[in-house]
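The values are calculated or read from the model by the stated rules, or taken from the named source; none is laboratory data. What you see is a predicted model; the values in this text were computed from it and never measured. Ideal geometry is used to build each Cβ from the backbone, glycine not excepted, and the neighbour counts take in all protein chains shown.
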Amino acid sequence: MAEPVSFDPNIPNVARMYDYFLGGKDNFPADRAAAEKVLEIVPHIPVGARENRAFLGRAVRFLRAQGIHQFLDIGTGLPTRNNVHEVAGPDARVVYVDNDPQVLAHARALLEDTPQVRIVHGDLRRPEDILAEARTHLDFSRPVAVLLLAIVHFVQDDPAPIVATLTGALPQGGYLALSHVCSDLQPEAAPGVERIYQGASAQFTARRSSEIVSLFAGLDLVEPGVVNLPEWRSDNPDFTPFKDVGPYFLCGVARKPAR
């Protein structure tokens with residue numbers, strides 16, 4: 001797949017905005033300005049970003065406990081602490097996919113001496129191309145886990161066919177882990193956030209909880225099902241931000257059953 005050769009620091013970039021929400025330093029003034037506008041509408045986003053990273057770690061540890069050694073992480077974002085290969089361990093094989101040139105450059109610089117990891121350019125909207133690249137490093141005759149964390153809400157069209165293509169390629173015993181911002185809690189905020197992202201590198205699309213749950217169609221959800229990020233097998237069950245407020249950032253892990 002052809003890769004972009006440059007990036008414009010004056011255009012807000014969703015990966016760098018996410019880095020800013022996480023408290024990182026790999027962002028530019030345009031990213032920070034756009035992120036601050038989002039925070040004016042939804043001030044709790046940094047909590048959601050941190051909880052999404054925590055869910056990633058818990059999900060990967062769970063998947064390793066189920067015997068999964070292969071991971072396809074799509075929309076990986078800028079490298080930070082506790083990346084998939086670090087949590088999964090040195091015997092795991094990982095393919096990181098992103099369409100952002102800065103993400104790709106950072107990841108390749110950090111992981112050039114990590115042979116079990118492959119960094120590839122790919123666009124979630126073209127899942128067949130991603131699968132073709134992934135098959136050069138992962139063995140799809142054995143279980144693979146597809147990770148779609150905080151990426152599907154950057155697909156404007158119906159994402160169900162995309163997710164179905166990815167899960168359809170999984171063998172029996174493969175898994176999907178997915179997280180997605182939910183608009184149920186603040187439906188009035190969604191249009192404002194979407195307008196800000198219209199000027200960014202990818203556009204944000206708010207979805208209802210029922211739409212997010214439907215992305216797991218045909219798979220067997222593991223307990224506790226589709227829940228807010230802190231509620232998924234939490235390491236600290238006493239930490240429950242936004243408890244009892246309704247769906248705001250949903251996640252789940254599901255297994256592909258026997259046909």
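Can you pull out the residues in region 46-99 that are part of a loop (DSSP other than H, G, I, E, B) and out of contact with any helix residue (DSSP H, G or I) (no Cβ under 9 Å at 6 or more places or on another chain)?
Once the filter is applied, which keeps residues that are part of a loop (DSSP other than H, G, I, E, B) and out of contact with any helix residue (DSSP H, G or I) (no Cβ under 9 Å at 6 or more places or on another chain), region 46-99 yields Q66, G67, P90, D91, N99.
Go through region 185-223 and report how many residues are free of Cβ contacts under 8 Å to residues at least 40 places away in the same chain, in a loop (DSSP other than H, G, I, E, B) and under 19 Å from the mean Cα position of the chain (by Cα).
1
Quick check on P247: is it touching an Asp or Glu at 6+ places or on another chain (Cβ under 6 Å), in contact (Cβ under 8 Å) with a residue 24 or more places away in the chain, buried (at least 18 other Cβ atoms within 10 Å of the Cβ) and outside any strand (DSSP E or B)?
So P247 passes the test.
I want to confirm something. Restricting to region 36-75 and keeping residues that are over 22 Å from I130 (Cβ atoms) and acidic (D, E), which single residue is surrounded by the most Cβ atoms within 10 Å (Cβ to Cβ)?
So the residue we want is E51.
From the list G218, G225, exactly one residue is within 25 Å of Q66 (Cα to Cα), of a type outside the set (S, T, Y) and touching a strand residue (DSSP E or B) at 6+ places or on another chain (Cβ under 8 Å). Which is it?
G225
Considering only region 110-143, state which residues are of a type in the set (A, V, I, L, M) and either farther than 17 Å from V95 by Cβ or over 16 Å from the mean Cα position of the chain (by Cα) (or both).
Hits for region 110-143 are L110, L111, V117, L131, A132, A134, L138.
Take region 91-103 and flag every residue that is modelled with pLDDT of 85 or more and among the aliphatic types (A, V, I, L, M).
A92, V94, V95, V97
Please work out which residue is modelled with the lowest pLDDT, limiting yourself to region 1-41 and to residues that are touching a Lys or Arg at 6+ places or on another chain (Cβ under 6 Å) and farther than 15 Å from H106 by Cα.
Only one residue fits best here, namely Y20.
Restricting attention to region 8-34, which residues are under 18 Å from the mean Cα position of the chain (by Cα) and part of a helix (DSSP H, G or I)?
V14, A15, R16, M17, Y18, D19, Y20, F21
Going through region 111-157 one residue at a time, which ones are out of contact with any strand residue (DSSP E or B) (no Cβ under 9 Å at 6 or more places or on another chain), closer than 27 Å to Q198 by Cα and of a type outside the set (D, E)?
Hits for region 111-157 are R125, R126, F154, V155, Q156.
I'd like to know if region 162-183 contains one or more residues that are loosely packed, with under 14 Cβ neighbours inside 10 Å, closer than 27 Å to A258 by Cβ and in contact (Cβ under 8 Å) with a residue 40 or more places away in the chain.
The answer is yes, given that some residue of region 162-183 is loosely packed, with under 14 Cβ neighbours inside 10 Å, closer than 27 Å to A258 by Cβ and in contact (Cβ under 8 Å) with a residue 40 or more places away in the chain.
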